[in-house]
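The values are calculated or read from the model by the stated rules, or taken from the named source; none is laboratory data. As the structure is a prediction and not an experimental result, all values here were calculated from the model. Accessible surface areas use protein heavy atoms only, side chains included; no ligands, DNA or RNA. Shrake-Rupley method; radii C 1.70, N 1.55, O 1.52, S 1.80 Å.
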Amino acid sequence: MNNSDDLTNPGRLEVHPVLKEIDNLPDQLWLAWEQGLNQPLPAWTGFRQVILCGVGGSAMAGELLQAYAALRCPVPIATWRDYDLPAWAHGQESLAMFFSHSGEEEEVLSCLERA
C-alpha cells in the first residue's frame, strides 16, 4: 500500500499527478489563448462548413474552438466524435480539423483517412 491509499493520515496523502494537471489547466488555457492570438491565419475561402474531429479530452479543444468561433464564423461549425465523417462533410467546400493528444485515436484517424 502506498501512502495515497492510507486514508487514516490525510496529511501524508500524495497529490495524484492528474490533480496537478487539473490545477494547472487555467494557466495552460491562458497560455494557449495568448499564443493563438499571435498566430496568423491563412486567408481561407470557399468553405461552406467546418468539422472538428476528436474524441475524449482531445475533442475539448474542438468544443472550445467551436464556442469561440460561433459568433465570428460565417459558416456552420460542428464537432464530430465518431468514425468516418458525416454525410454532409464532403468535397473541397468542407474544412476538416483533427484533434488528438496521442495521434493514435482510431476515430480521428478514420476521419483523417476519409477526408
Every residue in region 68-83 that is part of a helix (DSSP H, G or I) and open to solvent by 90 Å² or more (accessible area, probe 1.4 Å), please.
Y68
How about region 84-105: which of its residues are open to solvent by less than 70 Å² (accessible area, probe 1.4 Å), of a type in the set (G, A, S) and over 22 Å from A32 (Cα atoms)?
A89, G91, S94
Residue hits (region 14-67; at pLDDT below 85 and assigned to a loop (DSSP other than H, G, I, E, B)) are E14, V15, H16, N38, Q39, P40, L41, P42, A43, W44, T45
Please indicate, with yes or no, whether at least one residue in region 89-99 is at pLDDT below 85 and of a type outside the set (D, E, K, R).
yes
Going residue by residue through region 100-114, is there one that turns out to be of a type in the set (A, V, I, L, M, F, W, C) and in a loop (DSSP other than H, G, I, E, B)?
no
